[in-house]
Amino acid sequence: MTEIRIGLAVRALTEADLPSCGWSGDAMHVRQLAAQLRRMAAGEIDYLAACTPADLPVALGGIDYTASPGAGTIWQLGVHPALQSCGIGTFLIRTAEQRITARGLTRAELGVEDDNPRARALYERLGYRPFGREPDSWNVVAEDGSIRRYETMCTLMRKEL
């Protein structure tokens, strides 16, 4: 097998990126990304895109600076399914941690769904430790086109930076 390496750069997600982000979720999710861009313009969050040399996003993730006092809360992390387990998630999280410390904060927090042990293992490998649990929910588009509420339980994790 031939090995090919490509460079990735992390930058702010833009409106022009949204048509290329369908891999990250349904149409409702992509519309929600547009709403996050407005929060980014207000300075409440950073929303990052890890991009190929062709400037196409292959990983996304947000950092909310308003969710937890004194911390940057990382959320909505996702890597294109075809590129998972290639180190891109680690790269994106490390970049998010750098953004958090650049804001003068010393702690990163995140929530991981209890039924996602693979993601939890990644966060633990990167130094995140559990500190609580809480339910979470959001709207999703069902196969029949209706909107339903997805509910889950998350383990809250944090890391001192």
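Relative to one another, the C-alpha centroids of the stretch 1-32 and the stretch 97-150 are positioned 18 Å apart.
For the stretch 1-143, the fraction of C-alpha pairs more than 20 angstrom apart is 49%. Using the Cα centre of the chain as origin and beta-carbon charges of +1 (Lys, Arg) and -1 (Asp, Glu), tell me which of ALA71, ALA59, ILE6 is placed farthest towards the positive end of the dipole. Farthest along the dipole direction, towards plus: ALA71.
Below 8 Å between Cα atoms, with a sequence gap of 6+, how large is the relative contact order for the chain in percent?
Details: 265 pairs, mean separation 28.4, N = 161.
Result for the chain is 18 percent.
Across the alpha-carbon set of the stretch 1-64, the Rg to Rh ratio works out to 1.04, Rh being the Kirkwood radius. Does a label point 7 Å from the Cα of LEU56, set along Cα-to-beta-carbon, have any residues of the stretch 1-24 with amide nitrogen under 18 Å, and which are they? Flagged as within label range: 4-11, 13-24.
The residues of the chain expose on average 56 square angstrom of accessible surface per residue, using a 1.4 Å probe on protein heavy atoms. Only Lys, Arg, Asp and Glu carry charge here, each on its Cβ (+1 for the first two, -1 for the last two); on that basis the stretch 20-161 has a dipole of about 420 debye about its Cα centre.
DSSP loop GluC sites (Glu not before Pro) in the stretch 84-161 with at most 15 other Cβ atoms within 10 Å of their Cβ, which ones? Could the numbers behind the result be given before it?
On the way: sites: GLU97, GLU109, GLU113, GLU124, GLU143, GLU151, GLU160; in loops: GLU143.
Listed in order of number, the matching sites are GLU143.
At 1.4 Å probe size, with the rest of the protein present, what percent of the exposed accessible area of the stretch 1-114 is carbon and sulfur atoms? Ligands and nucleic acids excluded, carbon and sulfur reach 57 percent.
The values are calculated or read from the model by the stated rules, or taken from the named source; none is laboratory data. Note that the coordinates shown come from a computational prediction; the quantities given were computed from them, not determined experimentally. Note that we place each Cβ from the backbone using ideal geometry, even for glycine, and neighbour counts take in every protein chain shown. The accessibility values were calculated without ligands, DNA or RNA, using every heavy atom of the protein model including side chains. Shrake-Rupley method; radii C 1.70, N 1.55, O 1.52, S 1.80 Å.
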